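The block underneath contains the structure these notes are about, expressed in structure tokens.
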Amino acid sequence: MAINLTKNQFKEDFLNEIHAAYATDLDGTSAFDQFTVLGRLINHYNGRNYAKTTKKYFEEDQKEVYYFSIEFLPGRMLKSNLLNLGILNVVREGITDLGLDFGGIVESEPDPGLGNGGLGRLAACFMDSMASIGMAGNGNGIRYRYGLFKQVFINGYQVELEDDWLKNGNVWEIRRENKACLVRFGGNVWMRPTTNNRLEAVYENTEDVLAVPYDTGMIGYQNDVTNTLRLWSAEVPPAGNEKYYTHEQRDRISQITQVLYPDDSSMEGRILRLRQEYFFSSAGIQSIIRFYRKNHKTMDELPKQVAVHINDTHPTLVIPEMMRILMDECELGWDQAWKLTTECMSYTNHTILQEALEKWQIEIFKELLPRIYQIVEEIDRRYREEMLPKYGEDIVNQTAPLGDGQVRMAYLAVIGSHSVNGVAPLHTELLEKDVLKELFYIYPTRFNNKTNGITDRRWVQISNEPLSNLIDSAIGKEWRNNPKQMELLGQYSDDDDFLEKFANAKKNNKIAFAKFVKETMDIEIDPEAIFDVQIKRLHAYKRQLLHVLEIIREYLQIKDNPQAPFTKRVHIFGAKAAPSYFYAKEIIKIINALAELVNNDPEINDKLKVVFVPNYGVSIAEKIIPAADVSEQTSTASKEASGTSNMKLMSNGVLLLGTMDGANIDIVNAAGKSNAYTFGLTVAQVYNYYENHSYRSVDFYEQNDELKRVLNTLIDGTIPGIKSEGQDVYDALIRYNDEYFVLADYADYVEKQKQISNDFLNKKAWNKRALANVTASGEFSSDYTIERYGDDIWNVPHTKELD
Ligand SMILES: *Cc1c(COP(=O)(O)O)cnc(C)c1O
């Protein structure tokens, strides 16, 4: 149910709260103050429902999901909370009545950058979906004092500034010091026999860290449900337990939750990262078991009450941690503890990139987590003992949790879980056939697919109001509850009047984005041009380079023949590079140098523009996506597990230009092949190159004059802003044989780009195809994804029935 609130009541409440919070009248407050007051009011309005939800789960002894993720990327929460409470319009009107700027208030909220990209954003969409379909779901993560760096460009180079997102407080969080727990690191541990013939773990010289939870309410969509996202903060334990903490220790402790690792997919071999992982895994499991024991006398029912989800390998230590607590504190034997643990646990793999499979040196691991290491050793010993006779030495050595002097987190996660899933059909298939094939051979029934999804509440309802209102007017509002209802838009696919309105909504979004670009970057872009969008982390496998080559090609085409007709284009990028990822940063520099060249050449005029929006994150995505025409999803086939920006863009009526990789495949299937542009090598062709070592990038260079000319501009001074960057990229592609097959896919990619330039001129046909994408996008709602996790993996019910 929506909250019952009139505009006048709201205005009165708001003014009262301004006085209560700031002891001043409206004109003495900043936009941020007004945001905070709105946040406090939302907390007032929703507090009782939040408490009621928690109580209901407890009293009805409801099985709950605990979604462990080292990243959550929720985006700003003001509008989303207002939408989900059903008071967005009332509040916006009330605020406007008071003479305030609602948009400015929204923008004053810091965007919590507690994640790098897709992984953290998925976790946030899942939180929203769990609450919205009425599933008892909790998030468990880390309250980073500083989020992902803020990106600025200086001279075209990425510069990283700290993201001090908490400096003015956080109105959404509730500090629950009474729910804190202690997490132990280091020291020695030994097993002492007890009087009742058991072994008890004795710890010496450990460094204890206080884990303090901060809870944020995850408000469901107009259903009176509020779930909890619990983020842990590391603190020095209070004085009194006769321990003294040195300066170094205090420092070490507060560092645990100080910063998010800015590395998206490559492994950071730092001890601090391992400390972070154990820290939130241990605190989360401790609080789950403590809560369970309030309602239960024995541990037998644990898997009936608790589902623990491991989002990528970072929280894998929940497995040995639960074993530790069940054995050392609840006094269960190994076999029973193992049975309960594996029944609770499930794991999602997110990548097939080798460098992203987490492994820890045993020496480091053992010193930091001695008791946990003992347990992992025992898991390893028993695994080997059980599997050796059945599968032989080779397979067992390849798959055991310990090997090559390392703790192999992905293998531990598979062995300790009852379910392992990939995030799109192709990705799951590759896990089974390639990355985890030996484990799939041993545990075939554990593996399953759960295709990722996105919440249309944020990515359509909030960020694209013109489209949402149009959909309402055509098919009613039920799609907001049940996104598959967007199928009903199919009846308008030949309705000229509707297509015109649909095009108008897009046009208005493009005008709004053009205004934003003008104001923040001082670049003029023409809303009539094709807005060609690529937004995602900067990574070689995602191949922003293809897009770069296309810009150069278009630039040369115009320069060669300035009078020839040309379909106007704006190439729009958003991307952060990991600070240590030199090559990715070089590509950023090249794009910015191209922007400099293209945007200021009078001969190019407004035919071609390049806009690299700095500081890509959820809030920037919300501005770009509604304005896009083309969605570039160009990863080398097999490398992108799913992708989710492809789904967000699809539901905003954007045509995919992509490889047959990840969920692109499923998007093309849903929207229809003729409503997307696909290109490039297939997975089979890529694997064929690997197997035969037969790829020679230089052949593509030699055999394609246009490609040769385009690549030469990287090193011949055509792009004045670049120095060694052009040479480095050139070398990577030609001398070092182009690891990600950019040159192999170039011709096909360019061919599709030319088709786009041509097709875009037929406005009606284009709009029809864009609409077909919206119409088919409902199935990618994370509400359905979460429903499938609930039914197939977690065995947790939900109150809202979906299609
Ligand atoms: C959706 C999203 C991503 C994921 O994008 P991909 O193209 O799937 O890699 C990354 N960052 C942000 C801010 C997002 O919203």
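The values are calculated or read from the model by the stated rules, or taken from the named source; none is laboratory data. In this text, all values refer to a predicted model and were calculated from it rather than measured experimentally. Using ideal geometry, Cβ is built from the backbone for each residue, glycine included, and neighbour counts are taken over all protein chains shown. All accessible areas refer to the heavy atoms of the entire protein, side chains included, with ligands and DNA or RNA removed. Shrake-Rupley method; radii C 1.70, N 1.55, O 1.52, S 1.80 Å.
Can you pull out the residues in the stretch 6-30 that are outside any helix (DSSP H, G or I) and either small (Gly, Ala, Ser) or open to solvent by 50 Å² or more (accessible area, probe 1.4 Å) (or both)? Full working, then the answer.
Going through the stretch 6-30, the residues outside any helix (DSSP H, G or I) turn out to be 6, 23-25, 29-30.
Scanning the stretch 6-30 gives THR6, ALA23, ASP25, SER30.
Which residues, taken from the stretch 169-204, are among the aromatic types (Phe, Trp, Tyr) and in contact (Cβ under 8 Å) with a residue 24 or more places away in the chain? Steps first, please.
So in the stretch 169-204, the residues among the aromatic types (Phe, Trp, Tyr) come out as 172, 185, 190, 203.
Those that are among the aromatic types (Phe, Trp, Tyr) and in contact (Cβ under 8 Å) with a residue 24 or more places away in the chain: TRP172, PHE185, TYR203.
Could you please find all residues in the stretch 149-173 being open to solvent by 10 Å² or more (accessible area, probe 1.4 Å), within 23 Å of LYS536 (Cα to Cα) and assigned to a strand (DSSP E or B)?
Keep residues of the stretch 149-173 that are open to solvent by 10 Å² or more (accessible area, probe 1.4 Å), which gives 149-150, 152-173.
Those left that are additionally within 23 Å of LYS536 (Cα to Cα): 149-150, 152-165.
Result: PHE149, LYS150, VAL152, PHE153, ILE154, TYR157, GLN158, VAL159, GLU160, LEU161, GLU162, ASP163.
Quickly run through the stretch 291-326 and pick out the residues that are of a type in the set (Asp, Glu) and within 32 Å of the chain's Cα centre (by Cα). Walk me through how you get there before you give the answer.
Of all residues in the stretch 291-326, those of a type in the set (Asp, Glu) come to 300-301, 312, 321.
Across the stretch 291-326, the qualifying residues are ASP312, GLU321.
Output the number of the condition that SER233 fails; it satisfies all remaining conditions of (1) under 30 Å from VAL796 (Cα atoms); (2) out of contact with any strand residue (DSSP E or B) (no Cβ under 9 Å at 6 or more places or on another chain).
Result: SER233 passes all but (2).
Find the helices (runs of 4 or more DSSP H) located wholly in the stretch 284-345 whose residues include 1 or more that are in contact with a Cys (Cβ under 6 Å, 6 or more places away or on another chain), and list them.
Numbers: elements: 302-305, 318-324, 334-344.
It comes to 302-305.
Any chance you could count how many residues in the stretch 664-687 are open to solvent by 10 Å² or more (accessible area, probe 1.4 Å), β-branched (Val, Ile, Thr) and within 16 Å of the ligand (Cβ to nearest atom)?
1
If the Cβ limit is 7 Å and pairs must be 6+ apart or interchain, which residue in the stretch 55-79 that is at positive phi pairs with which residue that is among the aromatic types (Phe, Trp, Tyr)?
If the second residue must be among the aromatic types (Phe, Trp, Tyr), no pairs are left.
Run down GLN534, GLN461, GLN491 and say which single residue is within 16 Å of the ligand (Cβ to nearest atom), over 25 Å from LEU82 (Cβ atoms) and not aromatic (Phe, Trp, Tyr). If you could, list the steps in order and put the result at the bottom.
Values: GLN461 fails: over 25 Å from LEU82 (Cβ atoms); GLN491 fails: within 16 Å of the ligand (Cβ to nearest atom).
Of the residues listed, the single one that is within 16 Å of the ligand (Cβ to nearest atom), over 25 Å from LEU82 (Cβ atoms) and not aromatic (Phe, Trp, Tyr) is GLN534.
Can you tell me which residue is surrounded by the most Cβ atoms within 10 Å (Cβ to Cβ) among those in the stretch 601-634 that are of a type in the set (S, T, N, Q) and within 11 Å of the ligand (Cβ to nearest atom)? Before the answer, list the steps.
Residues of the stretch 601-634 that are of a type in the set (S, T, N, Q), as a first pass: 605, 615, 619, 631, 633-634.
Among the residues that remain, those that are also within 11 Å of the ligand (Cβ to nearest atom) are: 615, 619, 631, 633-634.
On the way: ASN615: 18, SER619: 17, SER631: 28, GLN633: 26, THR634: 26.
Here the answer is SER631.
So in the stretch 502-526, with the set limited to residues that are crowded, with 19+ Cβ neighbours inside 10 Å and more than 28 Å from the chain's Cα centre (by Cα), which one is nearest to the ligand (Cβ to nearest atom)? Steps first, please.
Start the filter on the stretch 502-526 by keeping residues that are crowded, with 19+ Cβ neighbours inside 10 Å, which leaves 502, 505-506, 509-510, 513-514, 517, 525.
Adding the requirement that they be more than 28 Å from the chain's Cα centre (by Cα) leaves 502, 525.
Details: PHE502: 24, ILE525: 22 Å.
Step by step, filter the stretch 502-526, then rank; the result is ILE525.
Return yes or no: is LYS359 within 23 Å of LEU431 (Cα to Cα) and exposed (fewer than 15 other Cβ atoms within 10 Å of the Cβ)?
On the way: within 23 Å of LEU431 (Cα to Cα): yes; exposed (fewer than 15 other Cβ atoms within 10 Å of the Cβ): no.
No; evaluated as a whole, the condition is false for this residue.
Any residue in the stretch 285-303 that's among the hydroxyl-bearing types (Ser, Thr, Tyr): show its pairings with residues that are in a helix (DSSP H, G or I) and open to solvent by 10 Å² or more (accessible area, probe 1.4 Å) at Cβ separation under 6 Å, as long as the two are six or more apart or on different chains.
If the second residue must be in a helix (DSSP H, G or I) and open to solvent by 10 Å² or more (accessible area, probe 1.4 Å), the pairs left are TYR292/GLN305.
PRO74 is checked against (1) open to solvent by less than 30 Å² (accessible area, probe 1.4 Å); (2) assigned to a helix (DSSP H, G or I); (3) closer than 17 Å to GLU622 by Cα and fails just one. What number does that condition carry?
For PRO74, the exception is condition (2).
Out of all the residues in the stretch 225-239, is one or more of a type in the set (Lys, Arg) and open to solvent by less than 50 Å² (accessible area, probe 1.4 Å)? Write out each step before concluding.
Our first condition is that a residue be of a type in the set (Lys, Arg); within the stretch 225-239, this holds for 230.
Adding the requirement that they be open to solvent by less than 50 Å² (accessible area, probe 1.4 Å) leaves 230.
Yes: the stretch 225-239 contains one or more residues that are of a type in the set (Lys, Arg) and open to solvent by less than 50 Å² (accessible area, probe 1.4 Å).
Looking only at residues that are of a type in the set (Gly, Ala, Ser) and away from the ligand (no atom under 16 Å from the Cβ) in the stretch 86-120, which one is most open to solvent (accessible area, probe 1.4 Å)?
Among residues in the stretch 86-120 that are of a type in the set (Gly, Ala, Ser) and away from the ligand (no atom under 16 Å from the Cβ), the one most open to solvent (accessible area, probe 1.4 Å) is GLY99.
Which pairs have Cβ atoms under 8 Å, sit 6 or more apart or on different chains, and link a residue in the stretch 527-538 that is within 16 Å of MET650 (Cα to Cα) and open to solvent by 10 Å² or more (accessible area, probe 1.4 Å) to one that is within 10 Å of the ligand (Cβ to nearest atom) and assigned to a strand (DSSP E or B)?
LYS536/GLY574
Would you point out the residue of the stretch 546-575, among those that are in a helix (DSSP H, G or I) and open to solvent by 10 Å² or more (accessible area, probe 1.4 Å), that is farthest from the ligand (Cβ to nearest atom)? Talk me through it step by step, then tell me what you get.
First pass over the stretch 546-575, keeping only residues in a helix (DSSP H, G or I): 546-560.
In the following step, the residues that additionally are open to solvent by 10 Å² or more (accessible area, probe 1.4 Å) were identified as 553, 555-557, 559-560.
Numbers: ARG553: 23, TYR555: 25, LEU556: 28, GLN557: 28, LYS559: 31, ASP560: 33 Å.
My answer is ASP560.
So TYR784 passes all but one of these: (1) crowded, with 19+ Cβ neighbours inside 10 Å; (2) over 33 Å from the mean Cα position of the chain (by Cα). Which condition number does it fail?
Here TYR784 meets the rest and fails (2).
Yes/no matrix, rows are residues, columns are (1) assigned to a loop (DSSP other than H, G, I, E, B); (2) of a type in the set (A, V, I, L, M, F, W, C):
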residue: ASP33; (1), (2): no, no
residue: ASN43; (1), (2): no, no
residue: ARG48; (1), (2): no, no
residue: LEU82; (1), (2): no, yes
residue: VAL91; (1), (2): no, yes
residue: ILE105; (1), (2): no, yes
residue: PRO110; (1), (2): yes, no
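Scan the stretch 492-516 residue by residue and report those that are of a type in the set (Ser, Thr, Tyr) and in a helix (DSSP H, G or I).
Step one: list which residues in the stretch 492-516 are of a type in the set (Ser, Thr, Tyr), which gives 492-493.
Across the stretch 492-516, the qualifying residue is only TYR492.
Would you check which residues across the stretch 701-714 are out of contact with any Asp or Glu (no Cβ under 9 Å at 6 or more places or on another chain) and either surrounded by fewer than 16 Cβ atoms within 10 Å (Cβ to Cβ) or modelled with pLDDT under 95 (or both) and list them?
Answer for the stretch 701-714, where residues must be out of contact with any Asp or Glu (no Cβ under 9 Å at 6 or more places or on another chain) and either surrounded by fewer than 16 Cβ atoms within 10 Å (Cβ to Cβ) or modelled with pLDDT under 95 (or both): GLU702, GLN703, ASP705, GLU706, ARG709, ASN712.
Return the residue satisfying two criteria in turn: it lies in the stretch 583-632 and is assigned to a strand (DSSP E or B) and without any contact (Cβ under 8 Å) to a residue 60 or more places away in the chain, and of such residues it is nearest to LYS150 (Cα to Cα). Spell out how you get there, then give the answer.
Step one: of the stretch 583-632, the residues assigned to a strand (DSSP E or B) are 608-612, 630-632.
Subset that is without any contact (Cβ under 8 Å) to a residue 60 or more places away in the chain: 608, 610.
Numbers: LEU608: 28, VAL610: 21 Å.
If we take residues in the stretch 583-632 being assigned to a strand (DSSP E or B) and without any contact (Cβ under 8 Å) to a residue 60 or more places away in the chain, then VAL610 is nearest to LYS150 (Cα to Cα).
Mind checking which residues of the stretch 635-663 are within 10 Å of the ligand (Cβ to nearest atom) and outside any loop (DSSP other than H, G, I, E, B)?
Correct list: SER645, ASN646, MET647, LYS648, LEU649.
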